[in-house]
Amino acid sequence: MVETSATLNTRSTDVSKLDYYDIPVIDWELSVTDKPLFLRQLRDAMINIGFLYLANHPVPKEAIARVKEMAPKFFELSQKTKDELDMKNSMHFHGYLKVSGATLSNDASVREQFNFGGARVCSWKEGEPEYLKLHGEALWPPEQELPGFRDTMLTYYDHVEDLSYRFTRLVSEALGLGPDALDVFFDQDHGNLQPRCKILRYPGTPDGSPGSGIAAHVDGSFLTYLLQATDHRTLEVKNLSGEWIPVPPIENTFVINLGKTLEKATRRVLPATPHRVLSPIGDPRFSVAFFSSIGHEVRIAEHYLPFPQEVLDMKYARDKKLGVDSHFEFSEKDMDLAGEVVLARKLRSHADVTERFYPNLFSKYYPNGRPAKPNTGRNLMSKGTGVAEA
């Protein structure tokens, strides 16, 4: 079903109460036609929910349509070609991954994915920080095997990356800060950042009953921009009452959610909300996730954002509803460079890459040698909710 702007505005006008059973739809066009209303809706969605649909966004519809057409074709490549593009062959942690209960030690999630970033050049030289290896070109299938795939994905990536910086400025304003207040978390030259993108394929369950495409987790990113490329209703979010509610696809929208990095940067004014994906019944589910990042030279705990009392009061009311302490303290690693934190998270998740491209760090993260079942894609937190690696 295609929703009109009038329908979207009706759904998103009311400010939510301190719980929710659907995700608000916010119209990008309001940021031009009625910016105060847009900012109020955005502030409410960000503080109380951590998830929203962004409708009528500026990413061209033809770029979206091309991605939806091309994304499934990657997984139709021969297994030999996909294996040649396996992440274990990339020091930048780009490439193909196949995740199943047989390869995971922490859950029974099942999915295939292809990870890539922008057209960045690796600048790392011997003796420089290892986290500089994170930047670099992705592993792309040969052009003759999948014509137009690389150009399609990089065009889409560039559009969403541009949207991410524009949207972040609006987030800053919605929090009662100046539009550039969050810029302290980004390099002045955005070319030194490399947000990540994943094309995900969740196969249908063989026995016709729902399974786990990816278990409950929060994203490790700053913000996540999700394109739901098929009609499956298998993405779910945990609301303030602890209930799982669906986030069904809505045409011409992105699902945007807050990551753990933004939660920390805002001292938990903005929450990283747990979510999960159920394995579909029937045809595979496809989605494309873009994870925005912060500068590698940033230390999150060094930056203080002066939120107005109105924003803090909204946070306190939410925390009271959740029964959690509103006091926030940075962890010790929040004083580390963000590049070191991101690299450590990836090294813990990918022993093959660590052993091959980061041999000096292998014994630190794998003192007992390579694990029999690698922790592919996420690390466990308390209470069984993971932090998904972007």
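The values are calculated or read from the model by the stated rules, or taken from the named source; none is laboratory data. Quantities reported herein were computed from a predicted structural model and do not represent experimental measurements. Counting neighbours? That spans all protein chains shown, and the Cβs are built from the backbone with ideal geometry, glycine included.
Okay, here's what the table says:
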quantity	calculated
Residues being closer than 28 Å to Leu343 by Cβ and surrounded by fewer than 24 Cβ atoms within 10 Å (Cβ to Cβ) - total across region 200-213	2
Strands (runs of 3 or more DSSP E) wholly inside region 230-313 containing at least 2 residues that are surrounded by fewer than 20 Cβ atoms within 10 Å (Cβ to Cβ)	235-238, 244-246
Tabulated pairs, region 14-30, first surrounded by 21 or more Cβ atoms within 10 Å (Cβ to Cβ) and assigned to a strand (DSSP E or B), second at pLDDT 90 or above and not aliphatic (A, V, I, L, M), C-beta under 8 angstrom, 6+ apart or interchain	Val25/Tyr53; Val25/Thr253; Ile26/Phe38; Ile26/Gln41; Ile26/Tyr53; Asp27/Phe38; Asp27/Asn56
Hey, Gln188 surrounded by 17 or more Cβ atoms within 10 Å (Cβ to Cβ), at pLDDT below 90 and of a type outside the set (Gly, Ala, Ser) or not	no
Single match in Thr230, Thr155, Thr205 (criterion: more than 19 Å from Gly50 (Cα to Cα), polar (S, T, N, Q) and out of contact with any strand residue (DSSP E or B) (no Cβ under 8 Å at 6 or more places or on another chain))	Thr155
Residue that is surrounded by the most Cβ atoms within 10 Å (Cβ to Cβ), among those in region 110-122 that are within 18 Å of Lys346 (Cβ to Cβ) and out of contact with any Ser or Thr (no Cβ under 9 Å at 6 or more places or on another chain)	Phe114
Residue pairs meeting the criteria (Cβ under 6 Å; at least 6 apart or on separate chains; first under 17 Å from Glu297 (Cβ atoms) and surrounded by 11 or more Cβ atoms within 10 Å (Cβ to Cβ), in region 323-337; second modelled with pLDDT of 90 or more and hydrophobic (A, V, I, L, M, F, W, C))	Lys333/Val341; Asp334/Ile300; Asp334/Ala301; Met335/Ala301
Qualifying positions in region 192-234 - of a type in the set (Gly, Ala, Ser) and closer than 20 Å to Thr273 by Cα	Ser212, Gly213, Ala215, Ala216, Gly220, Ser221
For Thr354: the one exception among (1) in contact (Cβ under 8 Å) with a residue 24 or more places away in the chain; (2) crowded, with 21+ Cβ neighbours inside 10 Å	(1)
Filter result (among the polar types (S, T, N, Q) and at pLDDT 95 or above) within region 206-229	Thr224, Gln228
Members of region 200-231 found to be over 16 Å from Leu262 (Cα atoms), in contact with a Pro (Cβ under 9 Å, 6 or more places away or on another chain) and among the β-branched types (Val, Ile, Thr), listed by number	Thr205, Thr230
The lone exception for Ser164 - which of (1) out of contact with any helix residue (DSSP H, G or I) (no Cβ under 6 Å at 6 or more places or on another chain); (2) under 28 Å from Val324 (Cα atoms); (3) not acidic (Asp, Glu) it fails	(2)
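Each row is one residue, and each column tells you yes or no for (1) at pLDDT 95 or above; (2) of a type outside the set (Val, Ile, Thr); (3) under 26 Å from Gly211 (Cβ atoms); (4) in a helix (DSSP H, G or I).
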site	(1), (2), (3), (4)
Ala65	yes, yes, no, yes
Lys73	yes, yes, yes, yes
Leu77	yes, yes, yes, no
Lys98	no, yes, yes, no
Gly101	no, yes, yes, no
Leu104	no, yes, yes, no
Phe114	yes, yes, yes, no
Glu126	no, yes, no, no
